[in-house]
Amino acid sequence: MTSETEFIAALRGLAADPAARGLLDDAAVLELGGPTLVLTHDMIVEGVHFLPGDPPGDVAWKLVAVNLSDLAAKGARPVGALLGYSLAGDDEWDRAFVAGLKTALHDFGLALLGGDTVALPPGAPRMLGMTALGTAPGAVPSRAGALPGDHLWVTGTLGDAGAGLRALRGTLAGGEALVERYRNPRPRLEAGQRLVWLISAMMDVSDGLLIDASRMAAASGVLLSIDLSLAPLSEEYRRAVGDDLEARLAAATAGDDYELLFSASAGNGAGILALADEIGVPMSRIGAVEAGEGLRLDDAGTPVPLPDSLGWEHGRSKS
């Protein structure tokens with residue numbers, strides 16, 4: 001087993017409880033007779049999800065945010081978290097991380113409930129984990145509900161974080177706003193909680209729009225048709241990267257967006273746009289759900305071949 005997809009497939013036989021949702025979703029959903037409990041666990045690794053020179057407070061923020069993004073995709077309200085922390089023998093880094101964690105917990109109203117610490121061997125990259133718990137008042141959306149005839153939507157803008165990473169690595173002359181999107185993602189919690197009444201399927205975009213859309217298509221047993229000309233790009237991204245097909249493909253395959261990808265019936269479009277205006281979160285229709293399987297891309301009506309890499313997958317290099 002060399003890739004994340006293959007390893008998860010091997011685990012599915014062990015995840016037979018209905019709460020696991022067949023390991024095909026962003027989170028586990030546990031029915032306990034009261035409010036539904038939603039659980040997720042994400043790890044971030046130095047050199048993979050954050051750079052060695054990133055400020056420790058930003059690393060703490062990102063650890064919290066990426067977990068809460070999974071809860072946002074379930075329309076859940078965060079209630080608590082367990083922390084897994086690796087001690088690397090740097091007291092100053094640890095103190096700065098704790099200060100950043102305090103800020104993130106306060107800003108999101110999240111209680112730290114416990115966790116575990118381990119000491120790393122000298123020179124090993126930091127590995128940090130968090131289990132986030134939330135509650136949902138009713139039905140919890142999944143990736144599997146998209147239906148032919150639905151429209152496909154995404155919140156916010158795409159590609160900013162990927163461009164910010166390129167800027168930090170010195171391969172792109174990008175602005176501070178792009179770096180901020182990479183280091184300090186903003187989970188769409190309110191949007192997720194409000195959208196649950198309007199959508200048929202929802203997930204967060206963490207590994208790239210195209211690879212995550214392919215996961216929604218597989219879970220729902222449908223074909224997702226995406227018009228790259230409709231991909232929402234920020235002004236900062238356009239200035240740094242451009243607005244041609246190459247730039248739009250780069251945005252659609254970059255990871256770390258932490259936006260919400262969702263499908264909804266055509267009749268709910270007006271309600272989605274009204275919600276976007278009300279909460280100040282852009283929501284853009286980028287395609288449609290059709291009978292079939294997989295992905296189909298076009299750019300304002302011109303067919304576009306699927307790129308060799310749809311996004312980030314652990315254990316498999318992105319070309």
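The values are calculated or read from the model by the stated rules, or taken from the named source; none is laboratory data. None of these values were measured; they are calculated from a predicted model. All Cβ positions, glycine included, derive from the backbone under ideal geometry; neighbour counts span all protein chains shown. Only protein heavy atoms, including side chains, enter the accessible area calculation; ligands, DNA and RNA are left aside. Shrake-Rupley method; radii C 1.70, N 1.55, O 1.52, S 1.80 Å.
Quick one: in segment 299-319, which of the residues that are of a type in the set (A, V, I, L, M, F, W, C) and open to solvent by 70 Å² or more (accessible area, probe 1.4 Å) is modelled with the lowest pLDDT?
So the residue we want is Trp312.
Among the residues of segment 173-190, is there at least one that is among the hydroxyl-bearing types (Ser, Thr, Tyr) and open to solvent by 30 Å² or more (accessible area, probe 1.4 Å)?
No, there is no match, as no residue in segment 173-190 is among the hydroxyl-bearing types (Ser, Thr, Tyr) and open to solvent by 30 Å² or more (accessible area, probe 1.4 Å).
Is at least one residue of segment 193-212 open to solvent by 30 Å² or more (accessible area, probe 1.4 Å), free of Cβ contacts under 8 Å to residues at least 24 places away in the same chain and closer than 19 Å to Ala72 by Cα?
Yes, segment 193-212 contains at least one residue that is open to solvent by 30 Å² or more (accessible area, probe 1.4 Å), free of Cβ contacts under 8 Å to residues at least 24 places away in the same chain and closer than 19 Å to Ala72 by Cα.
Of everything in segment 23-38 that's open to solvent by less than 50 Å² (accessible area, probe 1.4 Å) and of a type outside the set (Val, Ile, Thr), which residue is farthest from Phe97 (Cα to Cα)?
In the first step, residues of segment 23-38 are kept if they are open to solvent by less than 50 Å² (accessible area, probe 1.4 Å); the result is 25-29, 34, 36-38.
Checking which are of a type outside the set (Val, Ile, Thr) leaves us with 25-28, 34, 37.
Numbers: Asp25: 30, Asp26: 26, Ala27: 26, Ala28: 28, Gly34: 35, Leu37: 28 Å.
Here the residue is Gly34.
Considering only segment 188-202, I want to know if a residue exists there that is modelled with pLDDT under 95 and within 13 Å of the chain's Cα centre (by Cα).
Looking for residues that are modelled with pLDDT under 95 and within 13 Å of the chain's Cα centre (by Cα), one finds none in segment 188-202, hence no.
As an exercise: evaluate Ser229 against (1) of a type outside the set (A, V, I, L, M); (2) open to solvent by 20 Å² or more (accessible area, probe 1.4 Å); (3) at positive phi and give the number of the one condition it does not meet.
Here Ser229 meets the rest and fails (3).
From the residues in segment 108-128 that are open to solvent by 10 Å² or more (accessible area, probe 1.4 Å) and within 24 Å of Gly311 (Cα to Cα), which one is farthest from the chain's Cα centre (by Cα)?
In this case the residue turns out to be Pro125.
Report yes if some residue within segment 60-81 is open to solvent by 40 Å² or more (accessible area, probe 1.4 Å) and among the aliphatic types (A, V, I, L, M); otherwise report no.
Within segment 60-81, one or more residues are open to solvent by 40 Å² or more (accessible area, probe 1.4 Å) and among the aliphatic types (A, V, I, L, M).
Within segment 203-253, can you find the residues that are within 18 Å of Asp70 (Cα to Cα) and either basic (Lys, Arg) or not in a helix (DSSP H, G or I) (or both)?
Answer for segment 203-253, where residues must be within 18 Å of Asp70 (Cα to Cα) and either basic (Lys, Arg) or not in a helix (DSSP H, G or I) (or both): Met203, Asp204, Val205, Ser206, Asp207, Gly208, Arg215.
Have a look at Arg285, Arg296 and point out the one that is open to solvent by 60 Å² or more (accessible area, probe 1.4 Å) and under 20 Å from the mean Cα position of the chain (by Cα).
Unique residue meeting the criteria: Arg285.
I'd like the full set of residues that are buried (at least 18 other Cβ atoms within 10 Å of the Cβ) and of a type in the set (D, E, K, R), limited to segment 249-282.
Scanning segment 249-282 gives Asp256, Asp257, Glu259.
Looking only at segment 135-155, decide whether some residue is closer than 17 Å to Val64 by Cα, in contact with a strand residue (DSSP E or B) (Cβ under 9 Å, 6 or more places away or on another chain) and surrounded by 12 or more Cβ atoms within 10 Å (Cβ to Cβ).
yes
State whether the residues of segment 205-214 include one that is modelled with pLDDT under 95, farther than 15 Å from Ser309 by Cβ and of a type in the set (A, V, I, L, M).
no
Sort out which residues of segment 105-123 are out of contact with any strand residue (DSSP E or B) (no Cβ under 8 Å at 6 or more places or on another chain) and at pLDDT below 95, and write them in order of number.
Passing the criteria: Pro121, Pro122, Gly123.
So is Val64 touching a residue at least 60 places away in the same chain (Cβ under 8 Å), out of contact with any strand residue (DSSP E or B) (no Cβ under 6 Å at 6 or more places or on another chain) and over 30 Å from Ala291 (Cβ atoms) or not? Lay out the reasoning, then the answer.
Values: touching a residue at least 60 places away in the same chain (Cβ under 8 Å): yes; out of contact with any strand residue (DSSP E or B) (no Cβ under 6 Å at 6 or more places or on another chain): yes; over 30 Å from Ala291 (Cβ atoms): yes.
Yes: the conditions hold for Val64.
Please find, within segment 125-160, the residue that is nearest to Phe262 (Cα to Cα) out of those that are of a type in the set (Val, Ile, Thr) and in a strand (DSSP E or B).
To start, the set of residues in segment 125-160 that are of a type in the set (Val, Ile, Thr) comprises 131, 135, 140, 154-155, 157.
Now narrow it down to the ones that are in a strand (DSSP E or B): 131, 135, 154-155.
Working: Thr131: 24, Thr135: 20, Val154: 6, Thr155: 9 Å.
Residue satisfying both the conditions and the ranking: Val154.
Those residues that are within 22 Å of the chain's Cα centre (by Cα) and among the β-branched types (Val, Ile, Thr), I need them from segment 82-103; list them, please.
Correct list: Thr103 only.
Among what's in segment 82-104 and is in contact with a strand residue (DSSP E or B) (Cβ under 6 Å, 6 or more places away or on another chain) and under 30 Å from Ala201 (Cα atoms), pick the residue that is most open to solvent (accessible area, probe 1.4 Å).
Looking at the filtered set, the residue picked out is Leu82.
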